[in-house]
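**Student:** One structure coming up, written as structure tokens, with questions to follow.
Read-outs: derived from the displayed coordinates by stated rules, not from any lab. Everything quoted here is computed from the prediction, not taken from an experiment. Because the Cβ atoms are built from the backbone with ideal geometry, glycine has one as well, and the counts that use them run over all protein chains shown.
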Amino acid sequence: MIKPFQRGVAAIALIVATVLAASPARAQQKSEIALSRQPGIFYMPSHIMEKLKLIEKHAASLGVSGVTTKWITFSGGGAQTDALLAGGVDILNTGTGNLLLLWDRTRGGVKGIVATSAQPMTLISRDANIKSIKDFGPSDKIAVPTVKVSTQAIVLQIAAAEAFGADQWSKLDANTVQLGHPDAYAALSNPKHEVHNHFSIPPFTFLELKNVPGAHIVLSSPDVMGGPLSQAQFFTTTKFADANPKIIQAVRDATKEAQDLIRSDTKQAVEIYKEITGDKTSVEELLHLLKEPGMMEWNLEPQGTMKFAAHLFKTGTLKNQPKAWTDYYLPVAHDLKGN
């Protein structure tokens with residue numbers, strides 16, 4: 001059986017071949033744009049963009065009429081990169097790890113557009129014996145969206161390096177198993193399931209802490225990273241960006257409008273999120289969750305990504321070390337104060 005990480009590496013290798021070998025003749029302006037995202041409130045800006053047709057609106061204001069968008073939800077970033085490879089999507093909205101890995105493997109052929117959110121990720125356990133990262137034994141499984149390359153998996157590596165020593169960064173890799181966030185929540189909710197731990201994102205973090213007996217926080221991403229970390233950002237191939245510069249600008253403008261709406265009318269934003277996702281959590285509870293620390297980190301600029309990249313280069317996952325975050329983001333974002 002091919003392991004998820006092996007499939008991910010194979011898909012990335014094929015993306016390299018596709019991106020580097022594609023001829024200029026294939027790069028042409030598109031009017032039907034396919035975008036992907038994962039489940040969770042991290043991706044609320046994308047739900048607002050879908051509902052209010054903000055990309056279409058901003059494209060039209062830039063002189064590109066007739067643009068349509070198709071939004072596709074995948075359980076993890078690995079599935080999203082597979083879809084990019086297959087030509088099923090044009091733009092991804094997913095984690096920093098996938099962006100950096102594709103940027104590296106394609107020699108700059110994949111780059112970010114803008115970040116969308118940097119809410120905390122939280123490692124949750126329902127095992128009373130696990131109170132810190134040092135308490136995980138060899139059989140304690142930790143659910144992450146994609147093993148080794150998801151943002152959660154890499155933050156876990158950074159935490160392991162800090163807890164056990166720099167050369168022990170991969171100590172907990174063998175504990176990780178690949179589960180989308182809804183499936184991981186279901187696993188934690190089932191007392192007979194072998195997965196007792198989940199590196200979670202909102203709203204699953206709060207649902208688990210509220211509904212899973214014994215669920216408690218082991219660590220959070222701000223503790224590990226020293227501040228917010230962009231968990232979701234839009235990125236695409238440079239060939240698509242070069243052929244569709246106004247679409248790229250429209251994505252930036254639409255993202256900003258969506259983020260502004262979340263701040264100015266949070267209730268409307270939550271109602272849109274519920275409508276698009278079918279999330280059964282009440283509006284009142286979601287509004288309460290968004291008042292928790294770090295939950296309003298909706299920013300265009302990348303946050304914490306260079307520390308992330310430094311770890312990946314140090315461990316050999318990245319072959320090329322970026323000099324600045326602008327190396328792996330398109331010029332449309334270069335006026336922002338990222339890190």
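**Student:** Once you sort the root eigenvalues of the Cα gyration tensor of segment 257-297 as a ≥ b ≥ c, which label holds: rounded (a/c under 1.5), prolate (a/b larger than b/c) or oblate (the other case)?
**Tutor:** Note, shape of segment 257-297 comes out oblate.
**Student:** Highest mean first, what order results for 134-141, 301-308 on Cβ atoms within 10 Å?
**Tutor:** Going from most to least packed, we get 301-308, 134-141.
**Student:** Just grab the label-to-label distance for ASN190 and ASN320, each label 7 Å out from Cα along the Cβ direction, in nm (one decimal).
**Tutor:** According to this spin-label approximation, the distance is 4.3 nm.
**Student:** I'd like to know which of TRP103, LEU209, SER75 lies farthest towards the positive end of the charge dipole of the chain, counting +1 on Cβ of Lys and Arg and -1 on Cβ of Asp and Glu.
**Tutor:** TRP103
**Student:** Would you work out the charge dipole size for segment 164-265 about its Cα centre, treating the Cβ of every Lys and Arg as +1 and the Cβ of every Asp and Glu as -1, and quote it to the nearest 20 debye?
**Tutor:** Here the size comes out at about 120 debye.
**Student:** Can you give the angle from 0 to 90° between the axis of helix 266-277 and the longest principal axis of the chain, with both taken from C-alpha atoms, to the nearest 10?
**Tutor:** 90
**Student:** Report, in listed order, any pair from LYS53/LYS246; LYS148/LYS319; LYS57/LYS256; LYS30/LYS246; LYS267/LYS291; LYS53/LYS280 with a Cα-Cα distance greater than 20 Å.
**Tutor:** With Cα atoms farther than 20 Å apart: LYS53/LYS280.
**Student:** Let me ask something else. How much net charge surrounds ALA128 when only the other residues with a Cβ under 13 Å from the Cβ of ALA128 are counted, with Lys and Arg +1 and Asp and Glu -1? Please report the intermediate quantities before stating the final value.
**Tutor:** Numbers: positive: ARG126, LYS131; negative: ASP127, ASP135, ASP140.
Surrounding charge for ALA128 is -1.
**Student:** Right, another one. I want the local charge near GLU301. Using Cβ-Cβ distances under 13 Å, sum +1 for each Lys or Arg and -1 for each Asp or Glu among the other residues.
**Tutor:** On the way: positive: ARG252, LYS256, LYS337; negative: GLU297, ASP335.
Local charge sum for GLU301: +1.
**Student:** Amide H of MET295: which non-local residues (sequence gap of 5 or more, or other chain) have their own amide H closer than 5 Å, using H built in the peptide plane?
**Tutor:** Correct list: empty.
**Student:** Here's something else I'd like to know. Collect residues whose amide H, placed 1.01 Å from N in the peptide plane, falls under 5 Å from the amide H of SER200; neighbours closer than 5 in sequence don't count.
**Tutor:** THR122, LEU123, ILE124
**Student:** What is the set of long-range amide H partners of ASN339 at a cut-off below 5 Å, with H atoms built 1.01 Å from backbone N?
**Tutor:** GLN303, GLY304, THR305
**Student:** Right, next: Which ³J(HN,Hα) values in Hz, rounded to whole numbers, follow from the phi angles of segment 197-206 under the Karplus curve 6.51 cos²θ - 1.76 cosθ + 1.60, where θ = phi - 60° and Gly and Pro get x?
**Tutor:** Taking θ as phi minus 60°, the curve returns 9, 8, 7, 9, 10, x, x, 4, 3, 6 Hz for segment 197-206.
**Student:** Another one. In segment 136-230, what GluC sites (Glu not before Pro) fall in a loop by DSSP, with at most 11 other Cβ atoms inside 10 Å?
**Tutor:** GLU194
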